[in-house]
1. Sort out which residues of segment 76-94 are surrounded by 23 or more Cβ atoms within 10 Å (Cβ to Cβ) and in a helix (DSSP H, G or I), and write them in order of number.
2. Evaluate the following for residue 110: is it in a strand (DSSP E or B) and either closer than 23 Å to residue 62 by Cα or modelled with pLDDT under 95 (or both)?
3. Considering only segment 100-120, I want to know if a residue exists there that is surrounded by fewer than 19 Cβ atoms within 10 Å (Cβ to Cβ), within 23 Å of residue 169 (Cα to Cα) and either under 13 Å from the mean Cα position of the chain (by Cα) or aromatic (Phe, Trp, Tyr) (or both).
Amino acid sequence: MFLKRVSPVGAKIVLMEQVHGADIKVLSLDGITEKKPLVLKGVDGVFFRKYSAIVSVGIRVADCIPVFILSENKLIGAVHAGRRSIAGGIMELFLSTALDNGYSIESMEFLAGPHICGSCYEVSGAAAAEFAKGTSEEILNGRHLNLYKAMTIRLCRKGIKKESVNLLKSKEYCTFENDRYCSYRRKDKRRSMAFAVQV
(Lines give C-alpha, C1' and ligand atoms only; values in the text may rest on other atoms or scores of the structure.)
Protein backbone atom coordinates (compact mmCIF):
# COMPACT_ATOMS: atom_id res chain seq x y z
CA MET A 1 0.00 0.00 0.00
CA PHE A 2 2.99 2.28 0.42
CA LEU A 3 4.80 1.45 -2.81
CA LYS A 4 4.33 3.74 -5.76
CA ARG A 5 6.15 4.11 -9.06
CA VAL A 6 5.30 7.73 -9.78
CA SER A 7 5.84 10.69 -7.49
CA PRO A 8 3.03 13.24 -7.15
CA VAL A 9 3.49 16.71 -8.60
CA GLY A 10 5.43 18.88 -6.19
CA ALA A 11 6.92 16.01 -4.20
CA LYS A 12 10.44 16.32 -2.87
CA ILE A 13 12.30 13.30 -4.18
CA VAL A 14 15.15 11.87 -2.13
CA LEU A 15 17.54 9.18 -3.42
CA MET A 16 20.61 7.57 -1.86
CA GLU A 17 23.92 6.69 -3.50
CA GLN A 18 23.91 3.33 -1.63
CA VAL A 19 27.41 1.98 -1.04
CA HIS A 20 26.51 -1.10 1.06
CA GLY A 21 27.63 0.70 4.18
CA ALA A 22 26.03 1.57 7.50
CA ASP A 23 25.85 5.36 7.34
CA ILE A 24 22.63 7.36 7.66
CA LYS A 25 21.94 10.95 6.64
CA VAL A 26 19.79 13.05 8.97
CA LEU A 27 17.84 15.39 6.73
CA SER A 28 15.55 18.37 7.15
CA LEU A 29 13.66 19.01 3.91
CA ASP A 30 11.82 22.21 4.77
CA GLY A 31 14.66 24.46 3.60
CA ILE A 32 15.22 22.62 0.32
CA THR A 33 13.70 24.27 -2.74
CA GLU A 34 15.57 22.31 -5.42
CA LYS A 35 13.09 20.69 -7.81
CA LYS A 36 15.36 17.92 -9.11
CA PRO A 37 15.89 14.79 -6.97
CA LEU A 38 18.17 15.17 -3.99
CA VAL A 39 20.87 12.46 -4.10
CA LEU A 40 22.53 11.70 -0.77
CA LYS A 41 26.14 10.65 -1.35
CA GLY A 42 27.77 7.73 0.44
CA VAL A 43 24.80 6.64 2.55
CA ASP A 44 22.42 3.67 2.74
CA GLY A 45 19.86 5.24 5.02
CA VAL A 46 18.02 8.51 5.54
CA PHE A 47 16.20 9.88 8.56
CA PHE A 48 13.78 12.77 8.01
CA ARG A 49 14.07 15.20 10.90
CA LYS A 50 11.52 17.65 9.61
CA TYR A 51 9.33 18.18 6.58
CA SER A 52 5.93 19.55 5.73
CA ALA A 53 5.77 18.83 1.98
CA ILE A 54 5.02 15.60 0.13
CA VAL A 55 8.10 13.38 0.11
CA SER A 56 9.16 10.48 -2.12
CA VAL A 57 12.19 8.44 -1.15
CA GLY A 58 13.69 5.95 -3.55
CA ILE A 59 15.74 2.85 -2.78
CA ARG A 60 17.51 0.95 -5.56
CA VAL A 61 17.65 -2.77 -4.87
CA ALA A 62 18.59 -5.99 -6.63
CA ASP A 63 18.36 -8.51 -3.75
CA CYS A 64 18.91 -6.32 -0.66
CA ILE A 65 15.93 -5.24 1.46
CA PRO A 66 14.30 -1.85 0.89
CA VAL A 67 13.02 -0.81 4.32
CA PHE A 68 10.65 2.08 4.97
CA ILE A 69 10.14 3.28 8.52
CA LEU A 70 6.95 4.94 9.72
CA SER A 71 5.84 6.44 12.99
CA GLU A 72 2.10 6.92 13.49
CA ASN A 73 1.63 6.44 9.72
CA LYS A 74 4.18 9.14 8.87
CA LEU A 75 7.32 8.32 6.91
CA ILE A 76 10.39 9.06 9.02
CA GLY A 77 13.06 7.30 7.00
CA ALA A 78 14.31 4.57 4.70
CA VAL A 79 17.16 2.06 4.71
CA HIS A 80 18.87 -0.01 2.02
CA ALA A 81 19.50 -3.14 4.11
CA GLY A 82 21.95 -5.62 2.65
CA ARG A 83 24.30 -8.08 4.32
CA ARG A 84 27.09 -5.57 4.93
CA SER A 85 24.74 -2.81 6.05
CA ILE A 86 22.87 -5.01 8.52
CA ALA A 87 26.10 -6.52 9.88
CA GLY A 88 27.51 -3.01 10.20
CA GLY A 89 24.62 -1.94 12.44
CA ILE A 90 22.61 0.31 10.14
CA MET A 91 19.27 -0.68 11.71
CA GLU A 92 20.55 0.01 15.22
CA LEU A 93 21.92 3.38 14.05
CA PHE A 94 18.57 4.31 12.56
CA LEU A 95 16.85 3.40 15.82
CA SER A 96 19.19 5.47 17.96
CA THR A 97 18.83 8.41 15.54
CA ALA A 98 15.04 8.23 15.74
CA LEU A 99 15.11 8.01 19.54
CA ASP A 100 17.47 10.99 19.74
CA ASN A 101 14.94 12.94 17.69
CA GLY A 102 12.00 12.25 19.96
CA TYR A 103 10.42 9.13 18.46
CA SER A 104 9.53 6.18 20.65
CA ILE A 105 10.24 2.48 20.19
CA GLU A 106 6.51 1.77 20.41
CA SER A 107 5.58 4.17 17.60
CA MET A 108 7.87 2.81 14.90
CA GLU A 109 6.93 0.36 12.15
CA PHE A 110 9.39 -1.20 9.69
CA LEU A 111 8.07 -2.20 6.26
CA ALA A 112 10.28 -4.43 4.10
CA GLY A 113 9.93 -4.69 0.34
CA PRO A 114 10.84 -7.58 -1.99
CA HIS A 115 14.33 -9.04 -1.49
CA ILE A 116 16.19 -12.32 -1.85
CA CYS A 117 14.87 -14.99 0.52
CA GLY A 118 16.90 -17.12 2.92
CA SER A 119 16.58 -20.21 0.75
CA CYS A 120 18.19 -18.48 -2.24
CA TYR A 121 20.84 -16.30 -0.62
CA GLU A 122 23.99 -18.40 -0.34
CA VAL A 123 27.14 -16.71 0.95
CA SER A 124 30.70 -17.85 1.62
CA GLY A 125 31.44 -19.73 4.82
CA ALA A 126 33.59 -16.84 6.06
CA ALA A 127 30.83 -14.30 5.35
CA ALA A 128 28.22 -16.44 7.10
CA ALA A 129 30.41 -16.89 10.17
CA GLU A 130 31.28 -13.19 10.36
CA PHE A 131 27.69 -12.09 9.92
CA ALA A 132 26.38 -14.49 12.55
CA LYS A 133 28.61 -12.96 15.23
CA GLY A 134 26.27 -10.03 15.65
CA THR A 135 23.02 -11.96 15.38
CA SER A 136 22.47 -15.70 15.97
CA GLU A 137 22.54 -19.04 14.19
CA GLU A 138 18.76 -18.74 13.62
CA ILE A 139 19.46 -16.68 10.51
CA LEU A 140 21.60 -19.36 8.86
CA ASN A 141 20.77 -22.65 7.17
CA GLY A 142 24.18 -23.95 6.20
CA ARG A 143 25.58 -21.09 4.13
CA HIS A 144 22.17 -19.68 3.28
CA LEU A 145 21.52 -16.36 4.99
CA ASN A 146 18.08 -14.93 5.85
CA LEU A 147 18.48 -11.16 5.67
CA TYR A 148 14.94 -10.38 6.77
CA LYS A 149 15.18 -12.57 9.86
CA ALA A 150 18.61 -11.11 10.70
CA MET A 151 17.23 -7.58 10.47
CA THR A 152 14.19 -8.46 12.56
CA ILE A 153 16.27 -10.11 15.31
CA ARG A 154 18.53 -7.09 15.56
CA LEU A 155 15.58 -4.71 15.80
CA CYS A 156 13.84 -6.85 18.40
CA ARG A 157 16.98 -6.89 20.54
CA LYS A 158 16.67 -3.12 20.72
CA GLY A 159 13.06 -3.24 21.86
CA ILE A 160 11.09 -3.23 18.61
CA LYS A 161 8.19 -5.68 18.74
CA LYS A 162 8.29 -8.47 16.16
CA GLU A 163 4.84 -7.49 14.89
CA SER A 164 6.20 -4.02 14.08
CA VAL A 165 8.49 -5.49 11.39
CA ASN A 166 6.52 -6.62 8.36
CA LEU A 167 6.81 -7.64 4.73
CA LEU A 168 4.91 -5.40 2.33
CA LYS A 169 4.28 -8.46 0.15
CA SER A 170 3.84 -11.77 1.96
CA LYS A 171 4.02 -14.03 -1.11
CA GLU A 172 6.35 -14.19 -4.12
CA TYR A 173 8.57 -11.51 -2.62
CA CYS A 174 11.90 -13.20 -3.41
CA THR A 175 13.80 -11.20 -6.02
CA PHE A 176 15.75 -14.27 -7.14
CA GLU A 177 12.70 -16.49 -7.67
CA ASN A 178 10.38 -13.87 -9.15
CA ASP A 179 11.64 -12.49 -12.46
CA ARG A 180 9.36 -9.47 -12.10
CA TYR A 181 12.07 -8.13 -9.80
CA CYS A 182 15.74 -7.40 -10.44
CA SER A 183 18.26 -9.79 -8.93
CA TYR A 184 22.03 -9.44 -8.84
CA ARG A 185 22.32 -13.13 -7.98
CA ARG A 186 20.29 -14.02 -11.05
CA LYS A 187 22.77 -11.97 -13.12
CA ASP A 188 20.03 -9.54 -14.05
CA LYS A 189 21.45 -6.92 -16.39
CA ARG A 190 19.13 -4.30 -14.95
CA ARG A 191 20.94 -4.72 -11.64
CA SER A 192 18.53 -2.52 -9.66
CA MET A 193 15.03 -1.20 -9.24
CA ALA A 194 13.52 1.66 -7.30
CA PHE A 195 10.79 1.83 -4.72
CA ALA A 196 9.30 5.14 -3.65
CA VAL A 197 7.26 5.88 -0.56
CA GLN A 198 4.98 8.86 -0.63
CA VAL A 199 3.30 10.70 2.20
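1. 85, 86, 90, 91, 94 - these are the residues of segment 76-94 that are surrounded by 23 or more Cβ atoms within 10 Å (Cβ to Cβ) and in a helix (DSSP H, G or I).
2. yes
3. So far as segment 100-120 goes, yes, one or more of its residues are surrounded by fewer than 19 Cβ atoms within 10 Å (Cβ to Cβ), within 23 Å of residue 169 (Cα to Cα) and either under 13 Å from the mean Cα position of the chain (by Cα) or aromatic (Phe, Trp, Tyr) (or both).
The values are calculated or read from the model by the stated rules, or taken from the named source; none is laboratory data. For clarity, every value in this text was computed on a predicted model and none was experimentally measured. Backbone-built Cβ (ideal geometry, glycine too); neighbour counts: all protein chains shown.
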